[in-house]
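J.: Just dropping this structure here.
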Amino acid sequence: MRIKVLGAAAGGGLPQWNCTCTNCSALRQNHPHIQSRTQSQLAVTADDDAWFLINASPDLRQQLINNPEVHPDPAKGLRNTPVAGIILTSADLDHVLGLLLMREFTPVRIYATRPVISILKKNSFFQMLDRLPGQSRWTEIEPNVSFNAGGGLTCTPIALSNSLPTYISEEDRTALVPTGATIGVILEDPQGARAAYLPALPSVSAPLKHLLSTCSSIFIDGTFWTDDELQRIQPGTPLARSMGHLPISGPDGSLETLKYLKGTRKIYTHINNTNPILQEKSSERRTVEDAGWEVAWDGLEITL
Ligand SMILES: [Zn+2]
């Protein structure tokens, strides 16, 4: 199995258009110890041929251009793609806006849980993916039920939270059964290599702890260093936990909670532009690296 990080930043990317935090400013001043990142996006293949996108970021067009693995093959005709499917982990804008960039009539298979499909199908924007019969093939997936995505890739959705995107109406919120609104995924190839991708991790339950111990590599929510990271910059903004993101630091942060994992390749991704781990010389970066973690960057590829 090959996994490639096409984008490692959280929503807004790095730098974020309206932000003058230390990181965003450093990038605009060409600081040597920080690199820009596009919004969170993963690609995976189990057979080196069929690639699956995990989510569809607002930066997807550029991410598909930047990575030759997902380019169309001229030998296969005028219109084709190695992208065999898209697996959605939520209906958050940062995870679905890229679908609208894939509307040029090439058939695409989309795997998502019931609430995510309901939300997207109700929005007329996404009807652009259904202009031809069979153009998009929506396949419902369920937490804890493994499915064969194709190309030898088995995927198991893990329910992480029932929180629905803030953009949906109160009426829809009341009508929806939110089970599986936010999931993580366990990816497995035919040889049994396993990886976890959890870009929005609100907490770590005992069953999830066990599941992570069965994976050789894990990509974990690295959105925020502290719970009040955004509030310190902009009073009135929500806490990390209230947005479904377990912060990295602190006695019950992800660094401490996951330190039992020995011999697992541990990678923080979905990193918000405010997070000090993005500065390569920061003490926070040293802390995560000393604990055996890596900080994802655009183009990071791992082979399992
Ligand atoms: Zn910033």
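The values are calculated or read from the model by the stated rules, or taken from the named source; none is laboratory data. In this text the structure is predicted, and so the values were computed from the model without any measurement. So basically every Cβ, Gly included, is an ideal-geometry build from the backbone, and we count neighbours across all protein chains shown. Please note that ligands, DNA and RNA were not included when accessible areas were found on the heavy atoms of the full protein model with its side chains. Shrake-Rupley method; radii C 1.70, N 1.55, O 1.52, S 1.80 Å.
J.: Confirm whether Gly222 is touching a strand residue (DSSP E or B) at 6+ places or on another chain (Cβ under 6 Å), modelled with pLDDT under 95 and closer than 26 Å to Gly180 by Cα.
T.: no
J.: On to the next question. Quick one: count up the residues across the stretch 119-131 that are under 26 Å from Leu160 (Cα atoms) and open to solvent by less than 50 Å² (accessible area, probe 1.4 Å).
T.: The total comes to 3.
J.: Here's something else I'd like to know. Find the residue count for the stretch 37-49, including only residues that are more than 15 Å from the ligand (Cβ to nearest atom) and open to solvent by 10 Å² or more (accessible area, probe 1.4 Å).
T.: Final tally of qualifying residues: 4.
J.: Taking the condition of being in contact with a Ser or Thr (Cβ under 9 Å, 6 or more places away or on another chain) and open to solvent by less than 40 Å² (accessible area, probe 1.4 Å), how many residues in the stretch 132-148 meet it?
T.: 4
J.: For the stretch 266-281, what are the residues that are charged (D, E, K, R) and in contact with a Phe, Trp or Tyr (Cβ under 9 Å, 6 or more places away or on another chain)?
T.: Scanning the stretch 266-281 gives a single hit, Lys266.
J.: Here's something else I'd like to know. Any residue in the stretch 72-95 that is in contact (Cβ under 8 Å) with a residue 40 or more places away in the chain, within 20 Å of Gln279 (Cβ to Cβ) and within 16 Å of the ligand (Cβ to nearest atom)?
T.: No, the stretch 72-95 has no match at all.
J.: Okay, next question. Please specify each residue of the stretch 155-172 satisfying the condition of being in contact (Cβ under 8 Å) with a residue 40 or more places away in the chain and surrounded by 14 or more Cβ atoms within 10 Å (Cβ to Cβ).
T.: Cys155, Pro157, Ile158, Leu160, Ser161, Ser163, Leu164, Pro165, Ile168, Asp172
J.: Additional query: Under 8 Å by Cβ, and 6 or more places apart or on different chains, what pairs join a residue from the stretch 14-36 that is near the ligand (Cβ under 7 Å from one of its atoms) with one that is at pLDDT below 95?
T.: Close Cβ pairs satisfying both conditions: Cys21/Ile233.
J.: Pick out the one residue from Pro238, Pro251, Pro207 that is part of a loop (DSSP other than H, G, I, E, B) and within 23 Å of Ala159 (Cβ to Cβ).
T.: Pro238 is the lone residue from the list that is part of a loop (DSSP other than H, G, I, E, B) and within 23 Å of Ala159 (Cβ to Cβ).
J.: Going by the structure shown, is Thr264 of a type outside the set (A, V, I, L, M, F, W, C) and either out of contact with any Cys (no Cβ under 9 Å at 6 or more places or on another chain) or within 15 Å of the ligand (Cβ to nearest atom) (or both)?
T.: No.
J.: Out of the residues in the stretch 267-299 meeting the condition of being of a type in the set (A, V, I, L, M, F, W, C) and not in a helix (DSSP H, G or I), tell me which one is nearest to the ligand (Cβ to nearest atom).
T.: Among residues in the stretch 267-299 that are of a type in the set (A, V, I, L, M, F, W, C) and not in a helix (DSSP H, G or I), the one nearest to the ligand (Cβ to nearest atom) is Ile271.
J.: Output the residues belonging to the stretch 229-248 that are open to solvent by 30 Å² or more (accessible area, probe 1.4 Å) and under 15 Å from Ala291 (Cα atoms).
T.: none
J.: Pairs only if they're at least six apart or on different chains, beta carbon under 6 angstrom, first in the stretch 284-298 and of a type in the set (A, V, I, L, M, F, W, C), second part of a loop (DSSP other than H, G, I, E, B); list them, first residue then second.
T.: The qualifying pairs are Ala296/Ala8; Trp297/Ala8.
J.: Restricting to the stretch 110-137, give me the number of residues that are part of a strand (DSSP E or B) and at pLDDT below 95.
T.: Of the residues in the stretch 110-137, 2 are part of a strand (DSSP E or B) and at pLDDT below 95.
J.: Please go through the stretch 1-13 and give me each residue that is among the hydrophobic types (A, V, I, L, M, F, W, C), within 12 Å of the ligand (Cβ to nearest atom) and in contact with a Leu (Cβ under 9 Å, 6 or more places away or on another chain), ordered by number.
T.: Answer for the stretch 1-13, where residues must be among the hydrophobic types (A, V, I, L, M, F, W, C), within 12 Å of the ligand (Cβ to nearest atom) and in contact with a Leu (Cβ under 9 Å, 6 or more places away or on another chain): just Ala9.
J.: Okay, moving on. If Glu69 satisfies every condition in (1) in contact with a Gly (Cβ under 9 Å, 6 or more places away or on another chain); (2) of a type in the set (D, E, K, R); (3) surrounded by fewer than 23 Cβ atoms within 10 Å (Cβ to Cβ); (4) touching a residue at least 60 places away in the same chain (Cβ under 8 Å) but one, which is the exception?
T.: It is condition (1) that Glu69 fails.
J.: Exactly one condition in (1) touching a His at 6+ places or on another chain (Cβ under 8 Å); (2) surrounded by fewer than 16 Cβ atoms within 10 Å (Cβ to Cβ) is false for Pro107; which is it?
T.: (1)
J.: If you don't mind, there's one more thing I want to ask. Quick check: is even one residue across the stretch 195-217 polar (S, T, N, Q), open to solvent by less than 70 Å² (accessible area, probe 1.4 Å), touching a Phe, Trp or Tyr at 6+ places or on another chain (Cβ under 8 Å) and more than 15 Å from Trp293 (Cβ to Cβ)?
T.: Yes - at least one qualifying residue is present in the stretch 195-217.
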